[in-house]
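Written below as structure tokens is the structure these notes are about.
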Amino acid sequence: MSDEVRGEVSEPTQGTRRLRVIVADDQAAVREPLAAVLGLSEDIEVVAAAADGTEVLAAVAAGPVDVVLMDLRMPVMDGTEATRRLTEEHPEVAVVVLTTFADDDSILAALSAGARGYLTKNAGRQDIARAIRAAAAGQSVLDREVQDRLLATVRTGPAAAPGPSRSLPDDITPREREVLALIGQGLPNRAIAQQLFISEATVKTHINNLFAKADIRDRADAVRRAIAAGLA
């Protein structure tokens with residue numbers, strides 16, 4: 001099992017309610033043991049298991065649900081389409097992809113659909129639990145292989161070419177540029193706060209302002225914008 005997960009690594013907070021999680025995977029041999037293992041976490045409750053995207057949507061509609069742990073290659077409705085539907089219809093539900101596929105197309109499609117995290121199935125139980133907590137808190141987690149492939153893709157692909165549509169607004173502050181540059185390096189909020197000697201809450205404020213000003217959709221988009229702007 002790999003311990004190489006980048007992003008927020010929120011730990012359980014004593015006294016908080018358990019996070020309600022759906023485990024989606026078309027293989028029962030993966031889905032059922034994973035649900036059982038995650039259920040051992042004191043702050044995670046697996047409320048449903050799903051074999052395809054339509055079952056995910058039905059389970060979320062029956063809710064309430066905080067996070068869906070989503071496989072990508074499933075019959076009937078795949079994980080990418082299910083993620084897109086959830087983002088549109090249930091934006092309060094976070095999606096963390098857990099898949100064997102780490103190719104560029106799968107990563108970019110899932111993140112563009114709204115996934116808040118992307119892990120490969122080499123991730124350990126603690127890595128997955130941390131990713132679930134982070135996603136529920138509005139944070140992002142990409143494992144090392146995914147982070148490296150995403151950065152390589154945006155450096156060499158069309159999105160890396162600067163142009164008027166990729167420039168940053170004039171009202172972006174110097175501090176917000178610093179934060180964007182560090183996001184572009186793949187740093188989580190906690191590491192950004194340490195590097196800039198500010199609080200993690202202040203980092204989140206800068207990110208919220210930055211995303212609003214620059215029309216940045218999510219953290220993956222922020223990485224692309226940082227590279228396109230020559231900040232990373």
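For the reader, a short list of remarks on this structure follows.
- The GluC sites (Glu not before Pro) of segment 76-132 that meet both conditions, a loop assignment by DSSP and at most 16 other Cβ atoms within 10 Å of the site Cβ, are E92.
- Electrostatic dipole magnitude of segment 93-150 [Cβ: Lys, Arg +1; Asp, Glu -1; Cα centre; debye, to 20]: 360 debye
- Relative intensity of segment 99-145 on a log10 scale, I(q)/I(0) at q = 0.17, 0.18 Å⁻¹, equals -0.45, -0.51, per a Debye sum over C-alpha point scatterers of equal strength in the absence of solvent.
The numbers here are math on the coordinates, done by the rules we state, and not lab data. These numbers were taken from a predicted model, which means no experiment stands behind them. Here the Cβ is made from the backbone with ideal geometry for all residues, glycine too, and neighbour counts use every protein chain on show.
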